[in-house]
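Novice: Below is the structure I would like to discuss, written out as structure tokens.
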Amino acid sequence: MRSVRPVYIGAVAAIVLRMAGETDDIDAIDLRILRALGADARLSMAALAAQAGLSKSPTQARVKRLERLGVIRGYGARLDHARLGLGHIAYVQVSLSDTRSAALEAFNAAVRDAPGIVECCMIAASFDYLLKVRTRDIAAYRRLLGEVISALPHVAQTSTFVVMEAVKEA
């Protein structure tokens, strides 16, 4: 097995694993393409090619290969959440009453469908999950906590951390 080395791409710290398999083909040119797309996914192919140091055809072929390999999973827009009425951010620690596989799967499935929860990570800590939640204000958060988060399968306890200022976001 080869060593694992993190590569930071644009504003998002994406880890490219250099292990046996298809990702072995990722080279310095691919990484330049990924950095450029991470900074601005709307770049024209000509502008992307210029940043990669290639012509358009090989750049386009590399982008298609990176998409096929799953290194590029999609493209998105950076939203102004405050203008959308979702400027209030909270992180919620969730402890479950049951951590057997079936309970975890039930919780995961319910979280995927829950409105307001924008991120969910299973954590190796004194709690089980960390949720990132966006709402209009603290009152809307309180309703979300009481009506949605607390009603998720197997939730035993929650603890909330309210964000005062988002210094850096993906």
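Every number in this text was worked out from the coordinates using simple rules, so none of it is lab data. Source: prediction; values computed, not measured. In this analysis, Cβ positions are derived from the backbone assuming ideal geometry, glycine residues included, and neighbour counts consider all displayed protein chains.
Novice: Given the conditions (1) touching a residue at least 24 places away in the same chain (Cβ under 8 Å); (2) surrounded by 12 or more Cβ atoms within 10 Å (Cβ to Cβ); (3) out of contact with any Asp or Glu (no Cβ under 8 Å at 6 or more places or on another chain), and given that D137 satisfies all but one, which numbered condition is not satisfied?
Specialist: Condition not satisfied by D137: (2).
Novice: Name, by its number, the condition in (1) assigned to a loop (DSSP other than H, G, I, E, B); (2) touching a His at 6+ places or on another chain (Cβ under 7 Å); (3) of a type outside the set (S, T, Y); (4) buried (at least 16 other Cβ atoms within 10 Å of the Cβ) that does not hold for P153.
Specialist: So P153 meets the others, but not (2).
Novice: Within region 91-112, identify whether any single residue is of a type in the set (K, R) and surrounded by 13 or more Cβ atoms within 10 Å (Cβ to Cβ), and answer yes or no. I'd like the intermediate steps shown before the answer.
Specialist: Taking region 91-112 as the starting set, the residues that turn out to be of a type in the set (K, R) are 100, 112.
Okay, now just the ones that are also surrounded by 13 or more Cβ atoms within 10 Å (Cβ to Cβ), so none.
Scanning region 91-112 turns up no residue that is of a type in the set (K, R) and surrounded by 13 or more Cβ atoms within 10 Å (Cβ to Cβ).
Novice: Inside region 56-89, can you point out the residues that are farther than 30 Å from G116 by Cα and in contact (Cβ under 8 Å) with a residue 24 or more places away in the chain? Outline the logic, then answer.
Specialist: From region 56-89, those farther than 30 Å from G116 by Cα are 56-66, 68-69; that's our starting set.
Answer for region 56-89, where residues must be farther than 30 Å from G116 by Cα and in contact (Cβ under 8 Å) with a residue 24 or more places away in the chain: T59, R62, V63, R65, L66, L69.
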